[in-house]
Structure formats: structure tokens, C-alpha cells
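The values are calculated or read from the model by the stated rules, or taken from the named source; none is laboratory data. All values reported here derive from a predicted model rather than from experimental measurement. Reconstructed Cβ throughout: ideal geometry from the backbone, glycine too, with neighbour counts over all protein chains shown. To get the accessible areas, we keep the full protein, side chains included, count just its heavy atoms, and leave off ligands, DNA and RNA. Shrake-Rupley method; radii C 1.70, N 1.55, O 1.52, S 1.80 Å.
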Amino acid sequence: MDLLNWINGAFVEPATGRYLDNVEPATGQVYGRIPDSGPDDVHRAVAAAKAAFPAWSRLTAAERSRILLRVSDGIAARLDELAAAESKDNGKPLKLATTVDIPRARDNFAFYATAILHDHSETHDMGVSGFNYTLRRPIGVAACISPWNLPLYLFTWKIAPALAAGNTVVAKPSEVTPVTAYLLAQICADAGLPNGVLNIIHGTGAGLGEALVTHPDVPVISFTGGTVTGAKISAQAAPLFKKLSLELGGKNPNIIFADCDFDEMLRTTVRSSFANQGQICLCGSRILVERSLYPRFLQAFTERVRALRVGDPSQDSTQVGAVVSEAHRDKILSYIALAQEEGGEILCGGHPVQLDAPYDKGFFIAPTVIANLTQDCRTNQEEIFGPVVTVQPFDTEEEALALANATQYGLAATVWTSNLQRAHRVASEIESGIVWVNCWLVRDLRTPFGGIKSSGVGREGGFEALRFFTEPKNICIALGAH
Ligand code: NAD
């Protein structure tokens, strides 16, 4: 499948005339090309978005809502096609794309299409002196930049609130997983989204990132991706006083106390470790287990992990698909080698998985569990973002918290205990933007979402995102003398 940029309501060739190969992770084969766009494409897209802004921002919330609900319906109508495209593009099990990724993309549009109808702004009564009220107005052209791990889910999580709030958008999906973004453009066109309101350009961060991030007509940027990229974007955007939201990497702790519901914890911990091949920013990658439970946990956990079925992503029985690219597979394998150099013991996995043709050149890695590492080693400090977890025992709650908090990251955490007070106490002490107690990935879209420390700046989700994509203006009224 060959893709094109979508600018001002038309599918267009990149101004560069260059294309990149798109590789299917499960087979390792090139199956299409995507535009390798450059600064000229950014300028065209931003100009289209700028021209579309006055009319789009002046529509009523109800008018924007109706169009965005049609986009949501369009995603629902093409759910199977989108899920198949996403599984092929990313390597993830089709079942996951069908039950999680694409329904969530549909819900993102429905959520913001309706949230905008219920948004309100504040009035502050100063008694006889007067009153103030706050107008929240869309900012202008928003840049929305997203990663490859949950391609359409995260892409729409940015675009939907930006559009709902009345901004126009230039969006860049990851060059590694571009296909569902391309299909979204078709859906938006069919839904009657006016030309230029959303523009989607494909290419690399190196090729077009700086032109987009530093463009003078782009006052607001929403980025999800790696911490190193986030730092680079921050350095480029800060001197230009752009509004910036950064959702970055993580190294999430999963703290398991001996008094937990063991079966429920075990079932969920297998999922929270290896869902999407461990390539969800919220996966728990450092499993901390109270020492009295440690031997039982290791035995039961490794037994379950060994039984996970790695294979053809299109099969319903497949639990672990391919990791996203050859380069990413090699990075993950290099971390497994590093863990062994650091004294780690591989309890299961630790190697690529060789499948039969046509998957014999695919990027498959056996789910890997590593023990006997200290908290300060690189394996426990750096984000691996693959099917690799470490396990460590702890003796006290204080020690568990110290281990949990001993990284630069602060995205997500999980706590397993049946002690109510301890659950609340530990949850409040963990340095992360979100903590799950006795569950994982259960989250209401109305809640603010984001990381702290090196995991991010700002919050997405709920009304926070509508706030992010608007600028408040205070109007101050004096009532005057009687
Ligand atoms: P990445 O940082 O390499 O790329 C993310 C996006 O930024 C891509 O579209 C890429 O082309 C673009 N990009 C790269 N350099 C750029 C530049 N200089 N200017 C502008 N854009 C640039 O990340 P990735 O490898 O695609 O994704 C994996 C990372 O994303 C992991 O670190 C993961 O934890 C993180 N992530 C975080 C969250 C969250 O909510 N915190 C969610 C999902 C993924």
C-alpha cells in the first residue's frame, strides 16, 4: 500500500518526491511506501491549517460536535479494516487491535465530540465591585506528533481534543506505523471535515520534525514519544514560547505485596508485562515482590509466561506478536545481553523466536523474565519497551517504595495488596502520574493523564486536554457607582 500526505482535503505527493519503505514486522517484508516529507510539506500543511482556522474556530461547539461524531462513526464502520491494517503495520495481535486500539480511537472522537458540549468557563463574583469571567478560545494550528506503539489510539487522543476545542491540526504519525493515520484521513473526508482542518503528513522526525516544531504559525504542540525526543522538542520550542504537552517514556514499577489476591494479580501481571509485546508505555517493567511471596510468584509467573503463544498476529490464539521493527528487535536483544553482563539471570525467554514461513523473517522475541539485578543497573534504569521484565524481592513497604521511585521516570505504577490503608498510602507515595490498585489499564477517559519527572510535562485526557488546546482570556467588569 502506497500512502500520500493529506493536505487541505487532498491526497498529495510529498514535495520532496521521496518515499520510505514500510515494513511489515511479522514478515520483515516491505509492503508499501510512505512519503518522506520535508520542510516544504510542513509549510504547505501549516498554511492549509492556518487558512482553515477562522471558519472552524467560529463554528459552534454543536456544529463541530456533529462532524466529529461522524468521524467516530466512520471509525466504527471500518473497525475491522482498521484493526487489520494496524496489526499488519505494527505486528500486534489482530485481536488486540480489534478489541482495544481501534475501539479506543472511535471512543476518543466520541468522547471529545460530546465533552465539548459540556465544557464551561468560570465567572468570579467580586460583589459590588464587579465580576470577572473567563473566555476559553482555541489557539490556532496545533502540531500533534505521535509514536508507533498504539498508532491510531494515541494519534486520535491528541487530534480529537484539538479539533473539538476549535483548533486546526497538522498531525504526524510515526513513520514506523503510518497506515491507520492514512485511513483516518479518508474517514475524515467522508465525514465532511472541512478542507485544511486536519492535515496529515508522513515522514521522519529528522526530516520534518524541526520544521513543524519551530514553525512560527504553530503555537501549540502535543507530543507523545521517547524522552530523548521530548527533550529535543522542548529545547526547540521553549525559546519560541510555544505551549507544549509532552507524554514520554516510563520504567513502571509493579509492587506486589504478599496479601494480594494471588490469582487475579498473576493473571493481570502477565498482561501488564507483555500486552502489545510490552510496547505500551504503561506496561509494568519492574516487578517488585514481597520476599515471602517471591518463590511462589517466580514459579507461577514464569510458568504462565513460558506458555504465552508467540506467533502470527492475525491468529486469534496468538498472545504475543512481533515487535515493531528490526532496529527495535535488535535494541531489545541488546538490553537482554546487557542484563546478563550486569549479572542478571534469565528465568525464561531471552532470545528471538524463529517461526515458519512466511513469518521466518519477522521480529519475534520470547517473553523474557530476568532476576538478580540491582535497582541501579542500566537494565532497571533505562526504558527497554519490549517483552522484557525484571523481578526483584523486597522486605518492607519502605524498601518497595524506595525501589519503585529510584528511576528518572514517573509514568505509571501498579500496587497489589488487600490492605486498604496500605493501598492508599503506597499509591500516594509512588512518584508517578497514575497508580493502579489491584488492576491495570482501567481508566475513565475523563481523568487527567500524564507522567511526572522524565515521563512528561502537562496532562492529556478529559477536560484537561480541552483546556490545553485553549487559551484563557479574563474579562474584568466593574459595576461602577450607584
Ligand atoms: P520517538 O520519540 O522516536 O518518536 C515519536 C514521534 O516523534 C514519531 O512520530 C517520530 O517521527 C517523531 N519525532 C522524532 N524525532 C522528532 C523531532 N526531532 N521532532 C519532531 N518529531 C520527532 O518515539 P517512538 O519510538 O515512536 O515511541 C516509543 C516511545 O514513546 C517510548 O519511549 C514510549 O514510552 C513513549 N510513549 C509514551 C506514552 C505516554 O503516554 N507517556 C505513550 C506511548 C508511547
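Here are a few things to note about the model shown:
- One decimal place: the segment residue 59-residue 399 gains 116.9 nm when fully extended, by the rule 0.36 nm per residue minus the C-alpha distance.
- Accessible area of residue 316 in the full protein assembly, 1.4 Å probe (Å², nearest 10): 110
- With Cα atoms, 0 to 90° folded angle of helix 39-58 axis to the chain main axis: 60
- Helix 294-306 vs. the chain, principal-axis angle (Cα, 0 to 90°, nearest 10): 70
- By average C-beta atoms within 10 angstrom, highest first, the peptides 204-214, 123-133, 147-157: 147-157, 204-214, 123-133
- Segment residue 443-residue 11, length gained on full extension (0.36 nm per residue, minus Cα span): 151.9 nm
- Rounded tilt (10° steps) of 262-274 against the dominant C-alpha axis of the chain: 60
- Surface share of carbon and sulfur [accessible, 1.4 angstrom probe, percent] for region 252-437: 47
- Under the convention that each Lys and Arg Cβ holds +1 and each Asp and Glu Cβ holds -1, the size of the dipole of the chain around its Cα centre is about 1060 debye.
- Pair residue 475, residue 264: separation of 7 Å Cα→Cβ label points (nm): 5.1
- Across the chain, C-alpha contacts under 8 Å between residues 6 or more apart give a mean separation that, scaled by the residue count, equals a relative contact order of 19 percent.
- For the chain, the solvent-accessible area works out to 39 Å² per residue, with a probe of 1.4 Å and every protein chain left in place.
- Taking label positions 7 Å along the Cα-Cβ direction at both residue 317 and residue 422, the computed distance is 4.0 nm, reported to one decimal.
- For the pair residue 2 and residue 79, a Förster radius of 25 Å applied to the C-beta separation gives a FRET efficiency near 0.60, rounded to the nearest 0.05.
- Ligands, DNA and RNA left out, the 1.4 Å accessible surface of region 1-139 is 55% carbon and sulfur atoms.
- For residue 453, the lysines whose Cα comes closer than 18 Å to its Cα, not counting residues fewer than 8 places off in the same chain, are 232, 251.
- Residue 309-residue 429 pseudo-label distance in nm [points 7 Å out on the Cα-to-Cβ vector]: 4.3
- By accessible area with a 1.4 Å probe, ligands and nucleic acids excluded, highest first: order of 361, 172: 361, 172
- Among 255, 239, 98 the positive-end extreme of the charge dipole of the chain (Cβ point charges): 239
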